[in-house]
Amino acid sequence: MDKIKIVIIDYKLSNLFSVEHACKYFGVEPIISSDWNELKDADGVILPGVGAFADAMYNLNDLDLIAPIKDYIESGRPFMGICLGLQLLFTESEEFKNTKGLDIIRGQIKKFSSIKNEKKIKVPQIGWNNILKKNNADNWETSALKSIKENEYMYFVHSFYAVPSNQEDILCVTNYEQIKYCSAILKNNIFATQFHPEKSARKGLIIYENWLNKIKYGK
């Protein structure tokens with residue numbers, strides 16, 4: 001299946017064009033859309049995002065996208081979340097106020113503390129940081145990270161991080177100011193990253209290539 005339909009969900013809080021460019025780099029012309037009907041026959045869906053959790057959930061609800069996203073994921077087709085798109089998959093976030101998320105991945109979104117061991121910490125984390133396997137997870141080699149070496153550096157911009165209830169959902173972790181947190185998840189057909197692959201130079205683009213190739217060729 002060389003020609004595939006990839007939908008990038010537009011909920012008005014997204015880094016749409018850098019994600020679109022990453023897909024186009026590998027010969028895939030994605031559809032950017034807020035229309036839930038586009039998800040019905042999609043081969044792959046990407047939920048990007050930059051901004052506030054509560055605003056994102058409000059917009060998803062206002063655009064009638066919550067149920068279609070859940071239905072799409074339930075179908076077993078490939079789904080990719082990026083940054084805020086990862087966080088929205090979780091049960092709830094403590095950002096500003098406790099806000100309910102999509103509750104597809106059980107767990108919470110917490111804020112980096114600005115003080116750690118009496119040391120002031122820069123929040124948000126902005127810049128390059130490395131990714132580490134969670135317990136040398138075998139699923140690394142079956143995920144979109146399969147050709148990425150452990151300790152590779154990716155680009156992060158975030159003040160909040162995910163705390164999954166099930167440790168098995170964690171694909172990789174990252175350390176920031178002595179805080180080890182989940183930087184990517186893999187659960188069935190869901191692959192999501194806290195970092196921005198599309199902003200992580202060649203290695204980040206390879207993640208898109210791996211994810212798209214699995215849809216195209218099943219490997």
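The values are calculated or read from the model by the stated rules, or taken from the named source; none is laboratory data. Model, not experiment: these values are computed from the prediction. Counting neighbours? That spans all protein chains shown, and the Cβs are built from the backbone with ideal geometry, glycine included.
Of everything in segment 1-15 that's in a loop (DSSP other than H, G, I, E, B) and either farther than 10 Å from P48 by Cβ or among the basic types (K, R) (or both), which residue is modelled with the lowest pLDDT?
Initially, segment 1-15 is screened for residues in a loop (DSSP other than H, G, I, E, B), giving 1-5, 10-15.
Subset that is either farther than 10 Å from P48 by Cβ or among the basic types (K, R) (or both): 1-5, 12.
Values: M1: 58, D2: 68, K3: 89, I4: 96, K5: 98, K12: 89.
That would be M1.
Might you check whether a residue that is in a strand (DSSP E or B) and farther than 20 Å from G76 by Cβ occurs anywhere in segment 138-153?
So the first thing to find is which residues in segment 138-153 are in a strand (DSSP E or B), and the list is 153.
Within this subset, residues satisfying the condition of being farther than 20 Å from G76 by Cβ are 153.
Scanning segment 138-153 turns up at least one residue that is in a strand (DSSP E or B) and farther than 20 Å from G76 by Cβ.
Given the structure, is E38 free of Cβ contacts under 8 Å to residues at least 24 places away in the same chain, surrounded by fewer than 20 Cβ atoms within 10 Å (Cβ to Cβ) and over 29 Å from S165 (Cα atoms)? Taking the combined requirement at face value, the residue does not satisfy it. Screening the candidates A162, A144 for the property of being under 17 Å from the mean Cα position of the chain (by Cα), under 15 Å from I105 (Cβ atoms) and hydrophobic (A, V, I, L, M, F, W, C) yields one hit, A162. Given the criteria within 18 Å of C23 (Cβ to Cβ) and either over 17 Å from the mean Cα position of the chain (by Cα) or outside any helix (DSSP H, G or I) (or both), does N213 qualify? Against the criterion (within 18 Å of C23 (Cβ to Cβ) and either over 17 Å from the mean Cα position of the chain (by Cα) or outside any helix (DSSP H, G or I) (or both)), N213 qualifies. Among the conditions (1) farther than 13 Å from S200 by Cα; (2) of a type outside the set (A, V, I, L, M); (3) in contact with a helix residue (DSSP H, G or I) (Cβ under 7 Å, 6 or more places away or on another chain); (4) free of Cβ contacts under 8 Å to residues at least 60 places away in the same chain, K146 misses just one, which is (4).
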